[in-house]
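Just below is one structure, and these are the notes that go with it.
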Amino acid sequence: MINSTDLKLKERVKELKCLYDLSKIALESGSNLNLILSKTLTILPDAMQYPALAEASITVSKMRYATKGFGKIRHHISSVLSVGKKKYGLIKVGYRTSKKITSKSPFLVEEKKLIKMVARELSLFIKQATVEENNQKLEMQLQHSKRLAFVGELSAGIAHELNEPLGRILGFAQLIKKNGSLNDQQENDIERIIKASLYTREIIKKLMLFSRQMPRQINPVNLNTIVSNILYFIDVRYHSRGVKLIKQLDPHLPDIQADPVQMSQVLVNLITNAMHATSQGGEIKVFTKRRSNGISLIVKDNGSGMPAEVRKKIFEPFYTTKPVGQGTGLGLSVVQGIIEEHKGKIQVVSSPGKGSKFEIILPLKQTSK
């Protein structure tokens, strides 16, 4: 029969082993917080007085780790995961119901201390992992900003180089058409040249918008007016493709300070993007609504939607899922650039087969540059 001294010694050995194993887990797992938490969960029950009855759980932010029978516990002790005033989560260890446990508080004082020590060590691991994760995010943002800056400079240079010769091509083509004396074939060829030049000019405008070469003209703007005007001009085109355009405009929408041309560009790009994702018989809905400190413009479709890997890349310049010759990959990059310049933000919800929803949130007022 084990005496009380041997029992206490046995419990202390289990507790020391738990702390040793915890430090070993942290050393082997590096900054992999998910691995640290899941492995820690497996060593906690063995450190308790009744390991066969013990269950544990660790909650960090929205992540929760728990042993299989944790939902059946009747008694538990817990400790907050925190460093200073920063709280990360909670650690719990408990016992399932058993005839062995007769006390209302079956935990030893040393066990309560152990859980606090484990919580303290875990909190430090979590803090370190969070710092490293934030540093990685900052590094990725820095690299992304550098790439965008380079692409912006390159785009601006290309736009300026193309503008002058394109203007000459368009001008001479229009003069030839105006002078007449062309046969039907020549007339058609000149018309193709003019259309191709106008299309290329629109691409150059997108390049200039993307590279911030076109300054904003800030004026009081009612987004309902812009939506109505844009839909009026393109509604017939979309009906011919079997796509139904639906608008729901907030009648009490206040004016905002914005560039009306750029806001029109945002709406056209979003609707065009939705149209490419929507098949015959589809719907594109355009909403406006007032928010507490601004307004929202929402373009929603019931088209093909996007998987997560595509959704992460849609705002990258020159990224497109359209066939060659049907898209520049600048549409959503331009949208993002304009909205950021207007101190707004974009929220995207999309999944395969369930369509996409783009919500533009804009403040009522801003300072013009």
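Would you tally the residues in region 272-285 being of a type in the set (A, V, I, L, M, F, W, C) and surrounded by 22 or more Cβ atoms within 10 Å (Cβ to Cβ)? Explain how you work it out, then say what you get.
Residues of region 272-285 of a type in the set (A, V, I, L, M, F, W, C): 274-275, 277, 284.
Keeping just the survivors that are surrounded by 22 or more Cβ atoms within 10 Å (Cβ to Cβ) gives 274, 284.
Within region 272-285, residues that are of a type in the set (A, V, I, L, M, F, W, C) and surrounded by 22 or more Cβ atoms within 10 Å (Cβ to Cβ) number 2.
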Point to revise | Meets criteria (at pLDDT below 65 and either more than 23 Å from the chain's Cα centre (by Cα) or part of a helix (DSSP H, G or I) (or both)) for PHE150 | key: yes
Exercise for review: Scan (1) more than 21 Å from ARG12 (Cα to Cα); (2) touching a helix residue (DSSP H, G or I) at 6+ places or on another chain (Cβ under 8 Å) for the single condition LEU90 breaks and write down its number.
Suggested key: (2)
Check your understanding: Taking region 96-133 on its own, how many of its residues are more than 16 Å from GLU11 (Cβ to Cβ), not hydroxyl-bearing (Ser, Thr, Tyr) and not in a helix (DSSP H, G or I)?
Key -> 3
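Which one is farthest from the chain's Cα centre (by Cα), of the residues in region 104-130 that are at pLDDT below 80 and more than 30 Å from GLN49 (Cα to Cα)? Show your work before the answer.
Here is the first cut: in region 104-130, the residues at pLDDT below 80 are 104-105, 129-130.
Now drop any that are not more than 30 Å from GLN49 (Cα to Cα), which leaves 129-130.
Details: ALA129: 21, THR130: 19 Å.
Out of the qualifying residues, it is ALA129.
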Review point. List pairs: first in region 337-350 and without any contact (Cβ under 8 Å) to a residue 24 or more places away in the chain, second in a loop (DSSP other than H, G, I, E, B) and surrounded by 14 or more Cβ atoms within 10 Å (Cβ to Cβ), Cβ under 7 Å, 6+ apart or cross-chain?
Key: LYS343/GLN366
Study note, to complete from the structure: Going through (1) crowded, with 16+ Cβ neighbours inside 10 Å; (2) in contact (Cβ under 8 Å) with a residue 24 or more places away in the chain; (3) not aliphatic (A, V, I, L, M) one by one, GLU110 fails only at (1)
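The values are calculated or read from the model by the stated rules, or taken from the named source; none is laboratory data. Please read these numbers as outputs of a predicted model, since none were measured by experiment. Cβ coordinates were reconstructed from backbone atoms using ideal geometry, including for glycine residues, and neighbour counts include every protein chain displayed.
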